[in-house]
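Values in this text are rule-based calculations from the coordinates and carry no lab data. Quick caveat: nothing in here was measured; it's all calculated off a predicted structure. When we count neighbours, we look across all protein chains shown, and the Cβ atoms used for this are built from the backbone with ideal geometry, even at glycine.
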Amino acid sequence: MKILVANLGSTSFKYCLFEGDESSLKPMTRGGYERVTDYAEVIRDALSKMKEGEFIESADEIDAVGFKTVLGLDKTGCVAADESVIADLRASADLAPAHNPAYANGIEQFSQVLPKARLVALYETAFYQWAAPASRRYAVPQSWFDAGVRRNGFHGASHKFIAERSAELLGRDDIADRVRGLYQEDRSQAFEPEKPLRIVSCHLGGSSSVTGILNGAAMDSSMGLSPQSGLPQNNRVGDLDSMAIGYAMRKLGLSLEEVERQLTKESGLLGLSGESNDIRDIWKAIEGGNENAALAIDSLVYSIRHYVGAYMLEMGGLDALVFTAGIGENDTEIRKRVCSGLEGLGLKLDLEQNTIRGKENTISAEDSAIKVFVIPANEELVVARETGRFLAHAVNA
Ligand code: AMP
């Protein structure tokens, strides 16, 4: 099976070609283009490169193209990327302006350039579709909810991978199997394993979120209607009282567009530190005595712990805490601070193991009741796997 994963931005196109069966997909070749104006042209160019490199003999060998679509109004899950998906991406473009139009156009182009390939959309919101209504509903009037104002949750591909891998690491094959089939199996029956499995996954990178995972499915996430809420992001605000927007417009004389620009481009770690949106620069600024930079780190850690604690309570305990993505995999000090002072709750870090960066590892002490894992994110592989599972299910169904 050959699966092409297409990562589309407003002016960029990256791809990775995977080969193998659903459980053994391996990346064969990858590439990318910036400042794209004609998507059909770059897709054709990418296919020629795959032929030149002898990864494919003809474009017909590509069984499927997987897209990590962000948000739909009426759609979620892992589904055939058809006309209705394209229309829905366009209808919800207001909430994901950088991504939805790009995916709508990209899916259209691929359907023309590769008419024989199956096109599959894996929504970033997919992992949250079974979370309880109480966690998904804002306390807004019904008309707002009906218009789509609800807590969606994002980074679903990444957190689902953590759900699967952490269950494997904990020897819980019952849960790992469930996670693998999550988007294909019949979920009309309640699922209650003999022993619950409670995971909190911290995806900490340029964009960050914390997700609570109960028995393999998300029960809540720090990101809500859009990827704007939750933790302070690299340059996006994270949680903010809704009254702040009108207040800032009146008090600072800002237009709504300017408020939105500042909240999405000049806030988060950049806004707090006044220094940089990259945590590595913020650490350097702290060494230089920048107190705002220290506050940026403190706020990030505070916010991570806030959500970890909330989900731990809601799930009635915790079996594993997981760190993933650029900061989660590499920033040993953030991990240490998030885990500090939790011995009384049964979480003890192994400080030596915690110094290891960028690879899968158990960083909790042997006698820690709560395990702490570092699991590298690989979102392209997740899209390829879910696309493969979708195909296998579609063929067997
Ligand atoms: P991601 O969005 O997962 O690609 O993560 C990107 C972010 O991870 C960057 O903005 C950095 O803040 C952070 N990061 C990447 N490498 C390191 C590192 N070696 N140490 C600390 N932070 C890192």
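Points worth noting:
- Distance histogram in 10 Å bins (all Cα pairs of segment 110-189, percent per bin): 15, 32, 30, 19, 3
- Contact order for segment 192-306, expressed relative to its length and based on alpha carbon pairs under 8 Å spaced 6+ residues apart, stands at 18 percent.
- Taking every C-alpha pair closer than 8 Å and separated by at least 6 residues, the mean separation divided by the residue count of segment 240-342 gives a relative contact order of 16 percent.
- The three principal axes of the Cα atoms in segment 195-311 give end-to-end lengths of 54, 37, 18 Å, sorted in falling order.
- Efficiency of FRET from Cβ geometry, THR11 and LYS336, R₀ 22 Å, rounded to 0.05: 0.05
- You can think of it this way: the chain between ARG261 and ASP367 has 33.4 nm of extra reach, that is 0.36 nm per residue less the Cα-Cα gap.
- Ranked by how many other Cβ atoms sit within 10 Å of their own Cβ, fewest first, the residues ILE245, ILE175, ILE286 fall in the order ILE245, ILE286, ILE175.
- Alpha-carbon gyration tensor eigenvalues x 5, square-rooted, for segment 1-160, Å: 31, 17, 12
- Anchor LYS348: lysines whose Cα lies under 19 Å away (excluding residues fewer than 8 positions away in-chain): LYS336, LYS371
- Where labels lie 7 Å past Cα in the beta-carbon direction, separation of ALA248 and ASN292 in nm: 1.4
- Percent of Cα-Cα distances greater than 18 Å, calculated over segment 171-230: 44
- Calculated on the alpha-carbon coordinates, the convex hull of segment 338-397 measures out at 123 cubic angstrom per residue.
- Residue order, fewest to most beta carbons within 10 Å, for SER143, SER208, SER226: SER143, SER226, SER208
- At least 27 Å along the helix axis (C-alpha) and Kyte average at least -1.0, DSSP helices within the chain: 291-315
- Estimated inter-spin distance, ASP60 and GLU34, nm [label 7 Å along Cα→Cβ]: 3.8
- Dividing the Cα radius of gyration of segment 47-117 by 2.2 N^0.38 Å, with N the residue count, gives 1.25.
- Counting all C-alpha pairs of segment 1-76, share separated by more than 20 Å (%): 34
- With Cα atoms as the point set, segment 268-397 shows a radius of gyration and Dmax of 17.8, 62 Å.
- Neighbour-count order for ASP281, ASP146, fewest beta carbons within 10 angstrom listed first: ASP146, ASP281
- Positive-end residue, segment 99-225 charge dipole about Cα centroid, Cβ charges, pick of HIS155, ALA102, ALA126: ALA102
- With a Förster radius of 25 Å applied to the beta-carbon distance between GLU360 and GLU192, the computed FRET efficiency rounds to 0.30.
- Computed over the chain: relative contact order in percent, which uses C-alpha pairs under 8 Å that are six or more apart: 15
- Kirkwood-type hydrodynamic radius, the chain: 22.1 Å, calculated from all non-identical alpha-carbon pairs.
- Cα centroid separation, segment 147-207 to segment 43-82 (Å): 25
- The ellipsoid equivalent to the alpha-carbon distribution of segment 253-344 has semi-axes of 28, 19, 11 angstrom, derived from the gyration tensor eigenvalues as √(5λ) and listed largest first.
- Note on segment 140-260: dipole from Cβ charges, positive end direction compared against SER166, SER242, ILE199; the farthest Cα belongs to SER242.
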